[in-house]
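Q: Mind having a look at this structure? Questions to follow.
Readers should treat all values here as calculations from the given coordinates under stated rules, not as data from a laboratory. All values derive from a computational prediction rather than experimental measurement. Positions of Cβ are generated from backbone atoms using ideal geometry, with glycine treated the same way; all protein chains shown enter the neighbour counts.
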């Protein structure tokens, strides 16, 4: 199964004009879900790429936290929330 096949999402148009995306990721060991706030007008491929990018950034930041360094200028991302189910 390709990575993009494991990412499923639904999008909801907000009154602000942005999209609220709820996504699900089906891993064999731990399913997870999350929310992403993005600008309207994005294609499905752009949404999937943005989710992948945010997940990779979160994973990289986690590695820096384990070493107690902040060389990647880690900041909270208030437009991306990720939970394990």
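Q: Could you give the nm distance between label points at residue 43 and residue 24, where each point is 7 Å from its Cα heading toward the beta carbon?
A: It is 2.5 nm.
Q: Points 7 angstrom from Cα along the Cβ direction at residue 52 and residue 83: gap in nanometres?
A: 2.6 nm
Q: What is the fewest-to-most order of 60, 77, 29 by other Cβ atoms lying within 10 Å of their Cβ?
A: In order of increasing Cβ crowding within 10 Å: 29, 60, 77.
Q: Once fully extended, how much extra length lies between residue 8 and residue 60, figured as 0.36 nm per residue of separation less the alpha-carbon to alpha-carbon distance?
A: Taking residue 8 through residue 60 to full extension adds about 16.4 nm, to one decimal.
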